[in-house]
Amino acid sequence: MAPPPAALLLPALALLLAAPAAARAAPRSIAVVGGGLGGSAAAYFLQQHFGPQVQLDVYEAAGVGGRLATVTVNKQQYESRAASIHALSLHMQDFVKILGLKHRREVAGKSAIFSGEHFVLEETDWYLLNLFRLWWHYGISFLRLQMWVEEVMEKFMRIYKYQAHGYAFSSLEELLRSLGGDAFVNMTQRSVAESLLEVGVTQRFVDDVIAAVLRSSYGQSVLVPAFAGAMSLAGAQGSTWAVEGGNKLVCSGLLKLTKANVISARVTGISLHSSEGRALYQVHYETSEGQGSAFYDMVVVTTPLHPSRSNFTFENFEPPIADFPGAFQPSVTSVVHGYLNSSYFGFPDPKLFPFTSILTTDTPDLFFNAMDNICPVNISAAFRRKQPQEAAVWRVLSQKPLDKHQLKTLFRSYYSVQVTEWQMYPRYDAAKSLPPIVLHENLFYLSGVEWVASSMEMIAVAAKNLALLAYNRWHQDLEKIDQKDLMHKVKTEL
């Protein structure tokens, strides 16, 4: 028996009425400002969610890769900064797999911490001997540090489950709160030294080891906020890797994969217009040929907006987009091809110098933060490290450019010095609050995540969050934004 016509019409009518909300068209065009890891990851994730029909324009003035830069010495390329990636960096692992890239072969080497007069801690080839030395010098501080870092990382890893289920956060505070409650938010406002002393780590361990790691990673002291410190210490403790051929290949690979239109231009500002009752953004830029502009449904800014880093302007926004407080830490990388002056470190015979990485304590007279004997980005199976008495390529990190006297202190002689000056990391002791993610209806800011912690994986996590947030807001799926008790929700969805 055939059903009555009304029984057929009502479900069809219900589907038609529901269709406009569910089938809202994707943005026609999205601008991404910046072609570093943040910009390339954001472009990839935005296309993943909105689909390949969206026009993606990526504005980059200096060259794709941003801080994932390399320098050339004797026809070989070396990472100038941001060299290692933590084993638990799941987004970075995915990028490498998707792009068909490989992990760079590891070349073993030993580390030591230098006080300016002597080594306060030296790594050996023997794991158990290293543990014994840590215990002998610092008691169980190392174990307490490890437990603290592991607890933070275990909670941080929840973000991957949330993101796999499509959940996003409209602010950095909400993201942190979803992972570790108010304790994680508070970790952005109190120092790593204070947090570690509270869990029983000794002051001596903080002064010797924690200070050395933070000087090496952020170029700053133990006053770095606890969350940023935990991320840095996790990288120092765990196994790390790098991309064969250079980490910047991830950026160029993602942009090529998304078929993004890379525009060689410096964005100077964004002005707000409206079209058919919806926000429309005009991106203003400068190229070598002059000034130009283009209109977009959505804009993602992945370059720092702080006045010390850019003179970016926002026009026609009401209320106006507020200034971004805070400052950035000067950082200088000197890539030196030369002969190490091992005598400065207490080894008159250079053949006996055993270390490939030297960290430093927070000593007023020390003019460098860290230095390491670096390997090229392409390592053949036959590659071997230079012997300590041979000329090698060293990367020296400092807060100011090294003068000739300082170079002569570290090196007996050298063939070349290549200097890169960065405003690389936020000056964390100047951070009073975290920057916003949402600047306007469909205008988003990615780089603010660096005020929580700065690493390749933090930027990748923030890029995924931003893409999910943009997608959920565009389709008004509020059930996927800033949800509470997400661990319980995710378990019930499985």
For E194 and H273, what does the FRET efficiency come to when R0 = 60 Å and r is the distance between their Cβ atoms, rounded to the nearest 0.05? 0.80
Mind checking Rg over Rh on the range 101-233, alpha carbons, Kirkwood formula for Rh? 1.03
From Cα coordinates alone, what are the radius of gyration and Dmax values for the range 202-308 in angstrom? 21.0, 64
Given q = 0.19 Å⁻¹, what are the Debye log10 I(q)/I(0) values for the range 324-455, with equal point scatterers placed on the Cα positions and solvent ignored? -1.08
Between E117 and T240, Cβ-based FRET efficiency (R0 30 Å, step 0.05) works out to 0.55
Using the Cα centre as the reference, give the magnitude of the dipole from point charges on the C-beta atoms of the chain (Lys, Arg: +1; Asp, Glu: -1; all else neutral), rounded to the nearest 20 debye. 1160 debye
S343 accessible area, assembled protein chains, probe 1.4 Å, Å²: 60 Å²
Quick check: from the Cα gyration tensor, does the chain come out rounded (a/c under 1.5), prolate or oblate? prolate
Taking the chain as the reference, fit the longest principal axis to its C-alpha atoms, fit the long axis of helix 37-50 to the helix C-alpha atoms, and give the angle between the two in degrees, 0 to 90, nearest 10. 30 degrees
Under the Karplus relation 6.51 cos²θ - 1.76 cosθ + 1.60, θ = phi - 60°, what is the ordered set of whole-Hz ³J(HN,Hα) values for the range 297-305, x standing for Gly and Pro? 6, 8, 9, 10, 9, 10, 9, x, 9
Roughly speaking, what is the centre-to-centre gap between the range 434-494 and the range 85-163 when only Cα atoms are used, to the nearest Å? 27 Å
Return the distance in nm (one decimal) between the two label points of a simple spin-label model at L478 and A382, each offset 7 Å from Cα along Cα→Cβ. 6.7 nm
Taking a label point 7 Å from the Cα of V419 along Cα-to-Cβ, the residues of the range 372-404 whose backbone nitrogen sits under 20 Å from it are 372, 393-404
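Just the number, please: carbon plus sulfur as a percent of the accessible area of the chain, 1.4 Å probe, no ligands or DNA/RNA counted. Intermediate values should be presented prior to the final figure.
On the way: 12740 of 23130 Å².
That share works out to 55 percent.
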Angle check, please: helix 141-156 long axis (alpha carbons) against the longest principal axis of the chain (alpha carbons), in degrees 0 to 90, nearest 10. 20 degrees
For the range 29-113, take N as its residue count and report Rg(C-alpha) divided by 2.2 N^0.38 Å. 1.35
Quick check for you: with a 1.4 Å probe and neighbouring chains kept, what is the accessible area per residue of the chain, in Å²? 47 Å²
Any idea what angle helix 226-237 forms with the longest principal axis of the chain, computed on alpha-carbon atoms, 0 to 90 degrees, nearest 10? 60 degrees
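The values are calculated or read from the model by the stated rules, or taken from the named source; none is laboratory data. The shown structure was predicted, so the numbers you read here are calculated from the model rather than taken from an experiment. Neighbour counts are summed over all protein chains in view; Cβ atoms, including those assigned to glycine, are modelled from backbone coordinates with ideal geometry. Accessible surface areas use protein heavy atoms only, side chains included; no ligands, DNA or RNA. Shrake-Rupley method; radii C 1.70, N 1.55, O 1.52, S 1.80 Å.
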